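Below: the structure, in structure tokens.
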Amino acid sequence: MLYMLVTKLKRESIVKRDFSTFGYKFSLEGEDEFVQNDAAVILSSLIEFDFRKLTHGFSTFIDVGIDVDFIYNDFLPRVEKDMKLVCILDYRKLSFSYTLSYIEDVFEKLSIENISICVSNFSPRESEISDNILKRISFIMVPVSVNPEVYAPYVNMGIGLICKDINSVEEMDIALKNELFSYYMGYYIESPKKLNINRIEKPSSMITELFIKLRTPEDVKEAIDIIKRSPELTFSILKFINSAFFAIPSKVSSVEAAVTLLGFNNLKKWVNLVFLSSSVPNPAKNVYVEKAVARAYFMEKVCKLIDSTKAPTAYLVGILSFMDVLLGKSFQEIFEDIPVSPDVAEALIEGKNMFAELLDFVRAFEFHDKEKIDFYVSKYNLNKDRVERIYLEALYEYDRFIEAIR
């Protein structure tokens, strides 16, 4: 089964006053509801493809939204030192969501990592800002329709003004006449170039067969036969069972013993994880693999508080929740090749059942949506402190669990 993985990027030029290239702003052709999701795909794609071929040594601008946890945990570890990365943050939303001292900490961490900071939606008259924040900012993005004179004090501090949304010769003329602007971008300068990053991936036929066949405890014998026919799977399951995660005192050296010690539920989890990680070329650096595993654990543990019999299905929905992005296909197309239960399909295609709500619940934690978190806590009569602990545990469990299959 072949999948063509396609990441559709848009690259927009940012030029200097003499129209020479200064940098590129990358975005996705089909933008996600959450900006940090786009940033994760863009950054992973640039690194996997070799960003040098797309940036030509110029600065790389990526909008990362305001998700501070994403910046710390997912964004910073993936940035290569010679990337000349510029992190675009929506300052209005950032200052609304976090205290100034917290923003100062975020900006300082980015600066330490040699990541430049560009703020958008910053209004000196409306936004509170500190000297410690200002000294970390390299650029401010300003629409051509906005009078830049209010930004003069920041230009005098050495901050570069980027005039954006220049779509006509008249707007270009206006921007060039104002010496406060140093950089320019918009359709008049250059229409965003569409870049398709293609990779053909072929998940192991044995892994796919195992994923499809293992449904109930009665399928374990057939699963053992499939594993034993594949050196790759045999090595993986023995490494998994002998890892520090299980802390088994004596070494396990046979597939049969490994399956017995794992039990059906843990065997199913291992199969799900191996299938997920086999769908991308570098799972250790793929933010969606990380998030899918964390989601699966959260959804499983919360589901056990609601209806423990449905926990395995909740886990599977979490594991598969990013497969459309990873494989570049809709869930409907994916499930035509890889059959799943009606509950899983309904959750991921139609978003209607309890499993879809659990997925929405974990998304609320990912994006700090307190109102939605409270809604689901109330709807399912859950203890909020316990659920919050489960979310933190799920993030920690990923680090231990994924290490065992790498």
By counting other Cβ atoms within 10 Å of each Cβ, how are ASP360, ASP385 ranked from fewest to most?
-> ASP385, ASP360
Applying 1/(1 + (r/R0)^6) with R0 = 22 Å to the Cβ-Cβ distance of SER341 and GLU222, what FRET efficiency is obtained, to the nearest 0.05?
-> 0.75
FRET E, pair GLU256, GLU108, Förster distance 51 Å, beta-carbon r, rounded to 0.05 = 0.40
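Using a Förster radius of 41 Å, what is the FRET efficiency between ARG386 and LYS193 based on their Cβ-Cβ separation? Nearest 0.05, please.
Working: r = 49 Å, r/R0 = 1.20.
Efficiency at R0 = 41 Å is approximately 0.25.
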For segment 212-219, take each phi angle, set θ = phi - 60°, evaluate the Karplus expression 6.51 cos²θ - 1.76 cosθ + 1.60, and give the result in whole Hz per residue in order, putting x for glycine and proline.
-> 6, 6, 7, 10, 10, x, 5, 8
Quick one: Karplus J couplings for segment 259-264, per residue in order, coefficients 6.51, -1.76, 1.60, θ = phi - 60°, nearest Hz, x for Gly and Pro?
-> 5, 4, 5, 5, x, 4
Contour minus Cα-Cα distance for SER138 and THR234 (0.36 nm per residue) | 29.4 nm
Counting other beta carbons within 10 Å of each Cβ, put TYR183, TYR380 in order, fewest first.
-> TYR380, TYR183
Run the quick spin-label model on LEU100 and HIS368: label points 7 Å from Cα toward the beta carbon, then report their separation in nm to one decimal.
-> 1.8
What ranking of MET185, MET299 emerges when the number of other C-beta atoms within 10 Å of each C-beta is taken as an exposure proxy, fewest first?
-> MET185, MET299
Spatial extent of segment 80-151: Rg and Dmax, with the Cα atoms as the point set, Å = 12.4, 36
Which of the pairs LYS301/LYS352; LYS109/LYS269; LYS84/LYS194; LYS268/LYS384 have their Cα atoms more than 26 Å apart in this structure?
-> LYS109/LYS269; LYS268/LYS384
For ILE117, other-chain or 5+-apart residues with amide H closer than 5 Å (H placed, Pro excluded) are CYS87, SER138, PHE139
If you plug each phi of segment 18-27 into the Karplus form 6.51 cos²θ - 1.76 cosθ + 1.60 with θ = phi - 60°, what whole-Hz ³J(HN,Hα) values come out, in order, with x for Gly and Pro?
-> 8, 6, 7, 5, 9, x, 9, 9, 9, 9
Full-stretch length increase - SER168, ASN265 - with 0.36 nm per residue and alpha-carbon distance subtracted = 28.9 nm
For LYS93, counting only lysines whose alpha-carbon sits under 18 Å away and dropping same-chain residues fewer than eight positions off, the answer is LYS370
Please compute P(r) over all alpha-carbon pairs of segment 204-403, binned at 10 Å starting from zero, and give each bin as a whole-number percent.
-> 8, 35, 37, 17, 3, 0
Per the Cauchy relation, a quarter of the hull surface: what is the mean projected area of the convex hull of the alpha carbons in segment 307-391, in nm²?
-> 5.9
Amide H to amide H, which residues 5 or more places from ASP90 or on other chains are under 5 Å from it, using H placed in the peptide plane?
-> GLY65, SER120
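None of the figures in this text is laboratory data; all of them are computed from the coordinates on show. Since this is a predicted model, take the numbers as computed values, not measurements. We place every Cβ from the backbone using ideal geometry, glycine too, and count neighbours over all the protein chains shown.
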